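Asks: Can you read through this structure? Questions will come right after.
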Amino acid sequence: MAATAADASAEATDIARRLASCNAGTRERAVRHLLSDFLPASAPRLSASDLLKLWKGLFFCFWHADKPLYQSALASRLASAVSAAPSPTAGAAFLSAYLSTLRREWAHIDVHRLDKFYLLNRRFLHHTFLLLTANSFAPDITSQTISVLLDKALFPEVDSVAAVSSRGLGYHVAEAFLDELLPVLPVSLQTMGTLLAPFFTVLEKSSDRVMVNKVKAGVFERFLESGSQLLEMVKRGEEVEKGSAEEQLGKVGLLFGFSKRFLDIGSKTETIQVNRKVVFGLRDAFVKVEKGLQLSGVEIPVPEFEATEVPVVARVDCDMDLGEAKVEKKKKKAKKSVSVEGEKEGAKASKHEKKVKKDKKEKKEKKKRNKMEVVDGGDVAEQSTDAPAEDQQMGDGTDGITFDETLMSNLQKQFEKAAAEAGMVNGGGSSSASPATPVNGKVAKKRKRSKSADRLSEVSDGDNGSEGNLLSQEGEKSGKKVRFSMKNNIVWKPHNPLPPQCLRLPPSATPRGSALKKGVQPGPIKETPTPLKKAKPKAKSAKKILKKKPSAVKRLRKLQSFSA
């Protein structure tokens with residue numbers, strides 16, 4: 001017996017080495033040999049250390065698994081070793097080795113591989129419940145298997161750093177527990193108490209606040225919500241779908257007696273003080289639902305275990321030969337390349353057709369522009385009369401313009417109007433001639449362009465020099481006069497670094513002139529008083545000027561008086 005156990009241990013080591021190989025073919029052959037030959041024959045003889053060795057290799061085998069379909073199939077094949085174990089004890093041991101390995105390696109799983117390990121975790125929970133269903137939820141087997149979940153995932157020993165960093169595994173088990181339990185329901189209330197025992201233990205003893213909240217939201221609040229929904233539907237007389245979550249979980253939420261169980265947990269001295277608030281909050285919520293059931297008078301049947309065949313999670317059979325898989329992959333690739341080439345050719349053809357249509361359209365527009373001439377005013381278009389009748393049509397197939405007496409008279413009026421505006425009446429006379437009166441009787445205003453033309457025509461009689469002088473005079477008149485004074489544009493910029501404090505001057509005495517030159521010290525600044533403006537003499541009134549006699553008249557009168 002000892003020799004047989006030693007041989008099984010040595011073979012387990014060899015299989016683990018091949019499971020961790022970098023070659024995909026070697027890993028696939030090792031998985032087949034492990035699941036089909038080695039485990040069914042040697043599971044009772046394997047120790048816990050041998051199972052941990054195997055799971056070290058299986059972890060790296062699943063780590064290297066790429067492509068979603070292959071990952072799903074491999075996860076189902078590995079998890080099936082729990083439900084297909086030769087005995088429930090061997091299945092529980094394989095589950096324990098899996099959870100121990102995943103706890104140890106959980107901190108090293110990166111974000112890109114986390115989803116596929118979540119999938120593997122769900123598959124193991126599903127096959128764990130399949131194992132319990134195959135044994136009709138025997139109390140001893142159920143308690144033994146569920147205790148593995150409690151010890152290895154939900155409430156591990158917090159005596160190492162690895163246990164603290166691997167709490168994410170327990171969080172995911174609490175979230176996915178009811179999802180994977182639903183396919184095997186209904187079970188009796190006594191069995192349900194055994195299945196939920198680890199979660200009651202978490203509420204009682206766990207100091208991890210995150211784990212307590214996960215258990216509260218992922219397990220007990222779902223029972224509470226489903227129970228209240230089932231009660232409302234029964235009160236309204238609605239038909240409840242058989243096998244739905246409202247029916248399966250709602251019956252447990254209404255009939256299990258959660259309020260009494262939470263009251264017992266909250267009353268224990270061992271319960272952590274921080275968790276009592278959560279426990280009593282759940283207890284109050286379940287009391288309302290249970291009292292509502294009693295007052296409604298509705299009878300809900302007690303759930304009992306029914307030995308029905310549970311559907312196994314669908315998976316892709318990956319036991320096919322790797323050569324066949326490669327051949328199918330090549331065929332798919334060839335079909336895809338043919339379809340891509342066809343699409344490219346179709347795109348090219350459509351592009352060529354679009355180009356041809358665009359060229360035709362441009363040619364038609366070009367012919368149309370050559371045939372049509374737009375007259376100033378935009379109302380009448382003249383077409384050459386020399387063109388044949390089939391050319392006297394529009395590009396869109398409509399008939400062209402037919403020339404009759406009315407059209408000719410209109411054209412003549414348009415030409416006369418244009419000539420009057422340009423000042424070309426009376427045989428192209430000068431600008432002094434009065435413009436012709438248009439048809440409507442209103443005198444047409446000359447354009448701005450005509451003014452400059454008239455000025456140039458007046459100068460045209462003289463020499464070229466006079467015309468140049470006129471243009472230069474116009475340029476001088478149009479130019480703007482800008483006054484520029486240098487003294488008003490001098491800006492003093494302080495030196496960097498600034499002069500010492502004793503030499504700094506207030507802004508009112510800003511140095512100018514030579515003080516800005518480099519190397520010249522700023523001297524005393526004399527502020528010259530601004531000269532006062534002389535007051536203008538007031539204008540004398542005309543009466544005063546008349547009263548004043550001139551000095552020559554006075555002198556003449558004086559001389560006359562002396563002569564007398």
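Asks: Of the conditions (1) within 20 Å of residue 266 (Cα to Cα); (2) under 41 Å from the mean Cα position of the chain (by Cα); (3) among the hydroxyl-bearing types (Ser, Thr, Tyr), residue 171 fails just one. Which one is it?
Replies: Going through (1) within 20 Å of residue 266 (Cα to Cα); (2) under 41 Å from the mean Cα position of the chain (by Cα); (3) among the hydroxyl-bearing types (Ser, Thr, Tyr) one by one, residue 171 breaks only (1).
Asks: Okay, moving on. What helices (runs of 4 or more DSSP H) lie completely within the range 1-69 and have 3 or more residues being more than 45 Å from the chain's Cα centre (by Cα)?
Replies: Values: elements: 2-19, 24-33, 39-42, 48-63.
Qualifying helices (runs of 4 or more DSSP H): 2-19, 39-42, 48-63.
Asks: Would you check if residue 101 is within 43 Å of the chain's Cα centre (by Cα), outside the structural domain of residue 53 (by TED's automatic domain parsing) and β-branched (Val, Ile, Thr)? Spell out the reasoning first.
Replies: Working: within 43 Å of the chain's Cα centre (by Cα): yes; outside the structural domain of residue 53 (by TED's automatic domain parsing): yes; β-branched (Val, Ile, Thr): yes.
Spelling it out, residue 101 is indeed within 43 Å of the chain's Cα centre (by Cα), outside the structural domain of residue 53 (by TED's automatic domain parsing) and β-branched (Val, Ile, Thr).
Asks: Select, from 228, 267, 244, 296, the only residue that is polar (S, T, N, Q) and under 25 Å from residue 206 (Cα atoms). If you could, list the steps in order and put the result at the bottom.
Replies: Values: 228 fails: under 25 Å from residue 206 (Cα atoms); 244 fails: under 25 Å from residue 206 (Cα atoms); 296 fails: under 25 Å from residue 206 (Cα atoms).
Step by step, each of 228, 267, 244, 296 is checked, and only 267 is polar (S, T, N, Q) and under 25 Å from residue 206 (Cα atoms).
Asks: Report whether or not residue 201 is polar (S, T, N, Q) and surrounded by fewer than 20 Cβ atoms within 10 Å (Cβ to Cβ). Walk me through how you get there before you give the answer.
Replies: Values: polar (S, T, N, Q): yes; surrounded by fewer than 20 Cβ atoms within 10 Å (Cβ to Cβ): yes.
Yes: the conditions hold for residue 201.
Asks: Restricting attention to the range 57-93, which residues are of a type in the set (Phe, Trp, Tyr) and closer than 22 Å to residue 168 by Cβ?
Replies: Residues of the range 57-93 that are of a type in the set (Phe, Trp, Tyr), as a first pass: 59-60, 62-63, 70.
Correct list: 59, 60, 62, 63.
The values are calculated or read from the model by the stated rules, or taken from the named source; none is laboratory data. Since we're looking at a predicted model, the values are computed, not measured. When we count neighbours, we look across all protein chains shown, and the Cβ atoms used for this are built from the backbone with ideal geometry, even at glycine.
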